[in-house]
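Colleague: My questions all concern the structure below.
No value in this document is a laboratory result; all are computed from the given coordinates. Small disclaimer: the values here were computed from a predicted structure and weren't measured. Note that each Cβ is placed from the backbone with ideal geometry, even for glycine, and that neighbours are counted across all protein chains shown.
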Amino acid sequence: MSIDRLPPLNAVRAFEAAARLGSYVAAAQALHVTQPAIGRHVKILEDWLGVRLLDRSSRGVRLTPEGAYYYQCVSQALKMLAHADQVVSRRAPERWLRILCVPAFASRWLTPRIEALKAIRPELKIAIEPNATFTSVDARQADLAIAYGLPGELSGVHEVLIRPEVFAVCSPAFRATLPLALEVADLLRCRLIHVDSGGWWNSWFAAQGVRQCVQADTSHVSNDIVLNLAKAGHGIALATEVLVANELAEGSLVRCVARGVALESYQVLTPTQAPGEDALWFIAWLREQLRTGYPDAAWQSPTGGVQTAKNCLS
């Protein structure tokens, strides 16, 4: 028989289950269909072959001589198919998406969304590598990177995502120790928590017209560490809504002053090689999530430049 003239495979499965289990009821339960559906499939197969395969009785079903031979053949064929499926699936190469990411964004925004992301594309495995110091991404290290920086500061920029407002936050208990009416310049005399030597705070002050500089006596590598210290009541930190939306909603962090300013932007970096299908899919998902979640932070090219720590000190 030519493989071009194969029997209806759903009908074969229904017949095999009924013959193996001895009843249409048991076959229906095993294949998660109705009992009449099993009967219809068996009838289709018998008509297709031109012979009776099963005799039904009140006790179930019994194979005819032709049915016994056919059952032996199809059961072996189905077992071979199942085995081939297991072998091919086991040997199929795993698909990994390797993401280099600034630590605070990785832990506070991306990681909590990984399970929802994997539900959309369950066959894709995702590896996130937090890194606070990269300015570009190599294909040997990752498929893409999510960075936070100023225009022109990063290499291999594939897309600028959003430019969120930066504002000062602290714990409610720490805020209670400060004057009720607090202006931006007043923060110069407060206990500030730094992610660097003072540059980010100085950029923030300068962008709001405050020209005096501050210097850090302690520097922390990651914004995640800084924000956790602020939440614990150790001082005031700079944040974006992307990083502290949950804390602001639950009240464990509060804004010290109303005024904020947009500084750096979240950007996607890619290696020199063209991004693969999974990387492009992830970038599209990331873009949609961020721009929908933070519509006020939509990217706009800054005008007039952004004051940096170097500008402030000159």
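Colleague: Label Glu159 and Val221 with points 7 Å out from Cα along Cα→Cβ: what is the distance between them in nm?
Modeller: The answer from the label model is 3.0 nm.
Colleague: Roughly what angle does helix 277-293 make with the longest principal axis of the chain, taking Cα atoms, 0 to 90 degrees, to the nearest 10?
Modeller: Helix 277-293 sits at roughly 50 degrees to that axis.
Colleague: I'd like the orientation of helix 35-49 relative to the chain: the angle between its Cα long axis and the longest Cα principal axis, in ° from 0 to 90, rounded to 10.
Modeller: 60
Colleague: Can you list residues whose amide H is under 5 Å from Ile128's amide H, if they're 5+ apart or on another chain and H is modeled 1.01 Å from N?
Modeller: Close amide H contacts, sequence-distant or interchain: Ile99.
Colleague: Next up: Sticking with the crude label model, points 7 Å out along Cα→Cβ, report the distance from Ala30 to Asp47 in nm, one decimal please.
Modeller: Those two pseudo-labels are separated by 2.4 nm.
Colleague: For Arg121, project a label point 7 Å along Cα to C-beta. Then give me every residue of the stretch 128-158 with its amide nitrogen under 14 Å of that point.
Modeller: 128, 143-145
Colleague: Same structure again: If you work out P(r) over Cα pairs in 10 Å bins from 0, in percent from the coordinates, which of [x] 5, 20, 21, 13, 9, 9, 10, 8, 4, 1; [y] 6, 29, 36, 22, 7, 0; [z] 5, 24, 31, 22, 13, 4, 0 do you get?
Modeller: [x]
Colleague: Check which residues have an amide H placed less than 5 Å from Gly260's amide H, if you skip close sequence neighbours.
Modeller: HN-HN under 5 Å from Gly260: empty list.
Colleague: Give the long-range amide H neighbours of Leu253: residues separated by 5 or more places, or on another chain, with amide H under 5 Å away, using H modelled in the peptide plane at 1.01 Å from N.
Modeller: The answer is Leu248.
Colleague: Between Ala37 and Glu94, what is the label-to-label distance in nm when each label sits 7 Å out along the Cα-to-Cβ direction?
Modeller: Using points 7 Å along Cα→Cβ, the separation is 3.5 nm.
Colleague: Step by step: find N for the stretch 2-73, compute 2.2 N^0.38 Å, then divide the Cα radius of gyration by it. What's the final number? Don't skip to the end; give the middle numbers.
Modeller: Values: Rg = 11.4 Å, N = 72, 2.2 N^0.38 = 11.2 Å.
Output field value: 1.02.
Colleague: Using θ = phi - 60° and the Karplus form 6.51 cos²θ - 1.76 cosθ + 1.60, what ³J(HN,Hα) does each residue of the stretch 127-140 get, whole Hz, x for Gly and Pro?
Modeller: Whole-Hz 3J(HN,Hα) from phi for the stretch 127-140: 10, 10, 10, x, 8, 9, 10, 6, 10, 7, 9, 9, 4, 6.
Colleague: Something else now. Please compute the length gained on full extension between His83 and Glu183, using 0.36 nm multiplied by the number of residues separating them and subtracting their Cα-Cα distance. Kindly include the intermediate steps, with their values, before the conclusion.
Modeller: Details: separation 100, 0.36 × 100 = 36.00 nm, distance 7.11 nm.
Taking His83 through Glu183 to full extension adds about 28.9 nm, to one decimal.
Colleague: Also, I was wondering about something else. Report the residue, chosen from Arg211, Arg20, Arg121, that carries the largest GNM mean-square fluctuation when the chain is represented by alpha-carbon nodes joined by springs under 10 Å.
Modeller: Fluctuation is largest for Arg20.
Colleague: To continue, here is another question. Helix 241-250 versus the longest principal axis of the chain: what is the Cα-based angle in degrees, 0 to 90, to the nearest 10?
Modeller: Between helix and principal axis, roughly 90 degrees.
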